[in-house]
1. Any residue at all in the stretch 67-75 that's over 24 Å from M1 (Cα atoms), assigned to a loop (DSSP other than H, G, I, E, B) and touching a Cys at 6+ places or on another chain (Cβ under 9 Å)?
2. Could you give every pair whose Cβ atoms fall below 9 Å, whose first residue belongs to the stretch 58-71 and is at negative phi and open to solvent by 70 Å² or more (accessible area, probe 1.4 Å), and whose second residue is of a type in the set (A, V, I, L, M) and in a loop (DSSP other than H, G, I, E, B), counting only separations of at least 6 or pairs across chains?
3. What are the pairs, 6+ residues apart or on separate chains, where a residue within the stretch 23-39 that is surrounded by 14 or more Cβ atoms within 10 Å (Cβ to Cβ) has its Cβ under 7 Å from a residue that is not in a helix (DSSP H, G or I) and not aliphatic (A, V, I, L, M)?
4. Mind listing just one residue for me: the one in the stretch 76-89 that is in a helix (DSSP H, G or I) and surrounded by fewer than 19 Cβ atoms within 10 Å (Cβ to Cβ) and, of those, modelled with the lowest pLDDT?
5. Can you find, within the stretch 90-102, the residue that is nearest to Q60 (Cα to Cα) among those that are modelled with pLDDT under 60 and in contact with a helix residue (DSSP H, G or I) (Cβ under 9 Å, 6 or more places away or on another chain)?
Amino acid sequence: MVDFIDDHEKNYGIELICRVLPIAPSTYHREKYLANSPEKRSLRSQHDDFYISEIRRIWQDSKCSYGVRKVWQQMKTDGTYLARCTVEYFLIKSPSEYPPRCLNVRLKSRVRLDWRNMRIY
């Protein structure tokens, strides 16, 4: 939504767009502020960014062949201890980067993944 507001800000203004969309102007301004200064974001968000970069590095170092289990084991070998389900969550969170074959794991909960539409049911 923030990208949409940025695209149409010059034509309509932030306030008018926020009246139509289900977003408050203060939420828009906060998102822009946090995007410009990542050190002000929550500690969890900062940790997530670190873990995502580590997972991406390991996956690319393996020539895009590792799945969740091998990425998780490599992270343990490197000294970054993270739960396997968390590694799986980060891989599912960005499905455009990782092909479905690398996410071929058993999920704890009864979640059915539809890769054609990239939806989680």
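1. Filtering the stretch 67-75 down to residues over 24 Å from M1 (Cα atoms) leaves 67-75.
After this cut, where a residue has to be assigned to a loop (DSSP other than H, G, I, E, B) as well, the list is 67.
From the residues that got through so far, the ones that are touching a Cys at 6+ places or on another chain (Cβ under 9 Å) too are 67.
Yes: one or more hits.
2. Here the result reads R69/V105, each pair linking the stretch 58-71 to a residue that is of a type in the set (A, V, I, L, M) and in a loop (DSSP other than H, G, I, E, B).
3. L34/R41
4. Going through the stretch 76-89, the residues in a helix (DSSP H, G or I) turn out to be 76-78, 84-89.
Next cut, surrounded by fewer than 19 Cβ atoms within 10 Å (Cβ to Cβ) only: 76-78, 84-86, 89.
Working: K76: 94, T77: 93, D78: 93, R84: 91, C85: 90, T86: 90, Y89: 87.
Filtering first and then ranking leaves Y89.
5. Our first condition is that a residue be modelled with pLDDT under 60; within the stretch 90-102, this holds for 95-96, 99-102.
Within this subset, residues satisfying the condition of being in contact with a helix residue (DSSP H, G or I) (Cβ under 9 Å, 6 or more places away or on another chain) are 95, 102.
Details: P95: 15, C102: 12 Å.
Here the residue is C102.
The values are calculated or read from the model by the stated rules, or taken from the named source; none is laboratory data. All of these numbers come straight from a predicted model, not from anything done at the bench. Backbone-built Cβ (ideal geometry, glycine too); neighbour counts: all protein chains shown. For the accessible areas, the whole protein counts, side chains as well, though only heavy atoms, and no ligand, DNA or RNA atoms are used. Shrake-Rupley method; radii C 1.70, N 1.55, O 1.52, S 1.80 Å.
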